[in-house]
Amino acid sequence: PLQTHMTTHIRKNECGTSEQISGGTTPSPPFAVLDFCSGSGVQAISTLISLKDVEADATAVCVDINDRALRFARFNALLNGISDDRIKTVKADLISGKLLPQQQYVDVMTAIWNRPNFTDSCDSDEADLLETLMRLELPDESQSAFDIILANPPFIPVPPSQHINNQDGSNPKHMHLSDSITKRYGLFSSGGASGEDVLQSIMIMSSTLIRKDGGLLAIVSEFMNPPTVNGEIDASYHTDDFKLLEKIERWWSLGSSNSYDSRDPTLAEGNGILFTNQYPVSAATYATRRADNKAEFGTWFHHMESEQIHSVSPGLMFVGMHDMERHLKDTKKSRLGRGQLSLSHQIVPKTESGSIWTPSNMNAIAFTSKKWVESITSIN
């Protein structure tokens, strides 16, 4: 999907040629990649490597809540031949939307780990992440934005600690179980009680941060209660079939309607596809896989019932932005209107190769690539 999207949406100037023009003209800002929940930086780094033939000066911003992960992202970039000035790291809590100060380490690698970094100089842990990212990539009056936004958010619907829900200390057995689960599934994996807290924050911010003409959003996650049929939201289907798509679209519109970018009054509008497995995992099976024992199974299962989670599937979601002014001329292709997202759903057929996530599942790779190509071809 990345390579196909790039060949279709390489940035152009008014003359129809690439913006990176040699000679006396002022070059456009470097192609920018944003990687939420970056961990080791694998998605940002692999994207920069994939872009080397078309956007050799592309830069990436890696956002994570973990200091060690951000240090690994810098280190891994260097190991893969990406110069230090092409990677920025930002420590932040995506749920609160606030920056966090990065820890400093002094050792033999001081020149690498303690180099000046954007959030190193942050003098307040109340600084807003969205405003910071916009300022990071929009230093002047240009309307630049992130060309590609990637995310692999924590997605597990972790039962909350009973210390939060039972301040009177009741039910000590359940308190012990929930506390044990909470400790085992830390920030690296917990998506909050619903499993969707971080995903929601990413969708809201992405609608403001993404490049409005030709930007690409790509997310790998688990999705709660995925649709059971293919297609777009339609009155002919039962409303429960597309509740997940409607929810994700609503998150997107929340960000667009509260855009910080007063320089660009237009709002990001996109079309996307959510891919999930043909056979989602039931809540009972999911609870069994997450629990260490029978007692924990009960905690997991009852929690999922309380969150109304009846099935879970690994998934991939791709969203492509399109030129608002051009797109509005074709009202048939604009189901929702300005500043909103139109999602469709595709079930990836089950094969012996495994899940949609299995790297060796060439059938799933071919299927998702084919459907995405068909989607962006129809948009354009």
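The values are calculated or read from the model by the stated rules, or taken from the named source; none is laboratory data. These figures come from a predicted structure and were not determined experimentally. Every residue, glycine as well, gets a Cβ built from its backbone with ideal geometry; the counts of neighbours run over all protein chains shown. In case anyone asks, the SASA skips ligands and DNA or RNA and just uses the protein heavy atoms, side chains included. Shrake-Rupley method; radii C 1.70, N 1.55, O 1.52, S 1.80 Å.
Do we find a residue being open to solvent by less than 20 Å² (accessible area, probe 1.4 Å) and modelled with pLDDT of 85 or more anywhere in segment 99-120?
Initially, segment 99-120 is screened for residues open to solvent by less than 20 Å² (accessible area, probe 1.4 Å), giving 99, 117, 119.
Within this subset, residues satisfying the condition of being modelled with pLDDT of 85 or more are 99.
Taking every residue of segment 99-120 in turn, at least one turns out to be open to solvent by less than 20 Å² (accessible area, probe 1.4 Å) and modelled with pLDDT of 85 or more.
Give the residue that is surrounded by the most Cβ atoms within 10 Å (Cβ to Cβ), with candidates limited to residues of segment 342-371 that are assigned to a loop (DSSP other than H, G, I, E, B) and polar (S, T, N, Q). Before the answer, list the steps.
So the first thing to find is which residues in segment 342-371 are assigned to a loop (DSSP other than H, G, I, E, B), and the list is 349-350, 352-353, 355-361.
This time we only want the ones that are polar (S, T, N, Q), so: 353, 355, 358, 360-361.
Numbers: 353: 14, 355: 16, 358: 14, 360: 9, 361: 18.
Here the residue is 361.
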Going residue by residue through segment 55-63, is there one that turns out to be under 20 Å from the mean Cα position of the chain (by Cα) and either of a type in the set (Ser, Thr, Tyr) or more than 20 Å from residue 153 (Cβ to Cβ) (or both)?
yes
Determine which single condition residue 79 fails, assuming it passes every other condition in (1) closer than 25 Å to residue 219 by Cβ; (2) open to solvent by 50 Å² or more (accessible area, probe 1.4 Å); (3) modelled with pLDDT of 95 or more.
(1)
Kindly establish whether residue 318 is modelled with pLDDT of 90 or more, open to solvent by 40 Å² or more (accessible area, probe 1.4 Å) and either out of contact with any Leu (no Cβ under 9 Å at 6 or more places or on another chain) or within 28 Å of residue 270 (Cβ to Cβ) (or both).
no
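So, in segment 223-274, of the ones that are of a type in the set (A, V, I, L, M, F, W, C) and assigned to a loop (DSSP other than H, G, I, E, B), which residue ends up modelled with the highest pLDDT?
Kept after step one, since they are of a type in the set (A, V, I, L, M, F, W, C), are these residues of segment 223-274: 223-224, 229, 233, 235, 242, 244-245, 248, 251-252, 254, 267-268, 273-274.
Next cut, assigned to a loop (DSSP other than H, G, I, E, B) only: 229, 233, 235, 267-268.
Working: 229: 81, 233: 57, 235: 49, 267: 60, 268: 73.
Result: 229.
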Is there a residue in segment 334-341 that is surrounded by 14 or more Cβ atoms within 10 Å (Cβ to Cβ) and at pLDDT 85 or above?
yes
In segment 43-89, the residues that are closer than 16 Å to residue 187 by Cα and of a type in the set (A, V, I, L, M):
63, 65, 69, 70
Mind checking whether some residue in segment 172-182 is of a type in the set (S, T, N, Q) and modelled with pLDDT of 95 or more?
no
